[in-house]
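Chemist: This is the structure, below, for whatever I ask next.
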Amino acid sequence: MRPGSQTMTLRDRKRERSRVLTAQTAWRLFIERGYDHVTVADICASAEIAPRTFHRYFTGKDDVVAEPVRHMTGLVAEQIAAAPPEVSDSAALATAIHELGIFVIEHRDWLGALRTVIQQSPHLSATHQGVPPEREHELTRQLAARHGDAEPDWRLRLLVACSVAAFRIWYDDYLRGLLMAEPLTRLDEMMTAVSRPDRDG
């Protein structure tokens, strides 16, 4: 490793920690005061950072709210990337969604509080409706790339769209307290219901 590369890695890690702490501070304020009553200046004061530092990480308050969705779709993408080539698209996606369900269960209180923040803000209720279409398209293209396909076919697009919809229903039911007994079993059942036969089958 070159002398400068380790320094850069440490700098990147420090910056990422600062970014995460900034987001956590913002979410705490959103939960305590409501999104509409928190300004970027409030976040900066609580996080003890300058406004320019905040904008180095986020374009604005909306961008902070979108962070959990980015993180969750990132988890799914990582799981798909780790799936062996012989595993079918439906199985790879089901496994990824299962791992996402584990994340949701482990962070239920936090995600539930953020869900309440979104519901209480007319602006957020109108602009944050779950997984953005571009994220869904990225996952679809990632699955297609497993087979060397430049563009996903309609079957793959339908698989991803139905899987995202199934997860959204599960997520809503779980955070509403309707799935307290074996929630992952229900999620797996839902993913089975939307899966399709293997490409070669």
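Every number in this text was worked out from the coordinates using simple rules, so none of it is lab data. Here the structure is a predicted model, which means the values were calculated and not measured. When we count neighbours, we look across all protein chains shown, and the Cβ atoms used for this are built from the backbone with ideal geometry, even at glycine.
Chemist: Read through the list (1) surrounded by 14 or more Cβ atoms within 10 Å (Cβ to Cβ); (2) farther than 21 Å from Trp27 by Cα; (3) not basic (Lys, Arg), then give the number of the only condition that His128 fails.
Modeler: (2)
Chemist: Here is a further query. Which ranges mark the helices (runs of 4 or more DSSP H) fully within segment 1-86 that have 3 or more residues being hydrophobic (A, V, I, L, M, F, W, C)?
Modeler: On the way: elements: 3-33, 40-47, 51-57, 61-65, 67-82.
Result: 3-33, 40-47, 67-82.
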